[in-house]
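First comes the structure, then the notes that go with it.
Where a number appears in this text, it was derived from the coordinates with a stated rule and is not lab data. Keep in mind that this is a model prediction, so the values were computed, not measured. Ideal geometry is used to build each Cβ from the backbone, glycine not excepted, and the neighbour counts take in all protein chains shown.
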Amino acid sequence: MFNGTIQGVGTRYCPSIEDKVMRFREKQSHGLFLEPEGWRTTEVYVQGANTSLPHDVQLAFLRTIPALRNARITRFGYAVEYDAIEPTELTPWFASKRVDGLFLAGQVNGTSGYEEAAGQGLIAGLNAARYVGGIEPLTLGRDEAYIGVMADDLSTQDFVEPYRMLTSRAEHRILLRSDTADERLGSIAHTAGLINDGRLREIEQERLQRDALISALTQVYLTPNDIVTAALAAVGLP
């Protein structure tokens, strides 16, 4: 990372240990988490110590930690620098503007993160199928889904570091709550063939039940009177 081999900016939210040391020189320590790789293995992943330092240096600095003084490394850390396409080369439905029928998703689009890659893959894969079938591509607006925000950002803005989908990027974040996802995107997903008729009926039934409950609650009024006062007093409320 620091010998000139890699020129790009590293990830902001999971930097390497050497990047943290360089960026935060005033810190006397950096926290690490020892995460077992599974129930039936002795391998442990050292979260927070991802690195591309020389192999001998990796082993040496790990063994300065008392709990790891006898540790062995089964897989050394490494760094990879990915090429990414220019935002102006990508459509909001994740198709290449230069190569007809080529759809792209993930790090090649300049993103970092599992959710970001999954969201792109969903839309890119869907639109690749629609392309083969001669159907117009599906796009989501910034007011419809976080995927729509990401698609718009990746196809219109230039970034100098790997892109992450953050709540702060969405100007309609109040609308894009997880509890409204079914209602916002259910019919779109059904039309696109991503959910079946049964799932759409469940979404509609949930909406009807919610609306009925809200309607019923708006018909109930509690005003100060002897009956209400007595009922409150009976449960110890003023």
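Taken across the range 68-79, residues that are touching a Gly at 6+ places or on another chain (Cβ under 7 Å) and of a type outside the set (G, A, S) do not occur at all. For the range 129-150, filtered to residues that are acidic (D, E) and closer than 16 Å to S187 by Cα, the residue that is surrounded by the most Cβ atoms within 10 Å (Cβ to Cβ) is E144.
Residues in the range 125-144 that are among the small types (G, A, S) and in contact with a helix residue (DSSP H, G or I) (Cβ under 6 Å, 6 or more places away or on another chain): G141 only.
Residues that are under 32 Å from the mean Cα position of the chain (by Cα) and surrounded by fewer than 13 Cβ atoms within 10 Å (Cβ to Cβ) within the range 56-75 comprise T74, R75, listed in sequence order. Of the helices (runs of 4 or more DSSP H) entirely within the range 125-238, those holding at least 2 residues that are farther than 26 Å from V99 by Cβ and either among the hydrophobic types (A, V, I, L, M, F, W, C) or free of Cβ contacts under 8 Å to residues at least 24 places away in the same chain (or both) occupy 181-192, 197-217, 226-234.
Confirm whether L122 is touching a helix residue (DSSP H, G or I) at 6+ places or on another chain (Cβ under 9 Å), of a type outside the set (K, R) and part of a loop (DSSP other than H, G, I, E, B).
Numbers: touching a helix residue (DSSP H, G or I) at 6+ places or on another chain (Cβ under 9 Å): yes; of a type outside the set (K, R): yes; part of a loop (DSSP other than H, G, I, E, B): no.
For L122, the condition - touching a helix residue (DSSP H, G or I) at 6+ places or on another chain (Cβ under 9 Å), of a type outside the set (K, R) and part of a loop (DSSP other than H, G, I, E, B) - is not met.
Y45 meets the conditions (1) under 27 Å from the mean Cα position of the chain (by Cα); (2) part of a loop (DSSP other than H, G, I, E, B) in every case but one. The failed one is (2).
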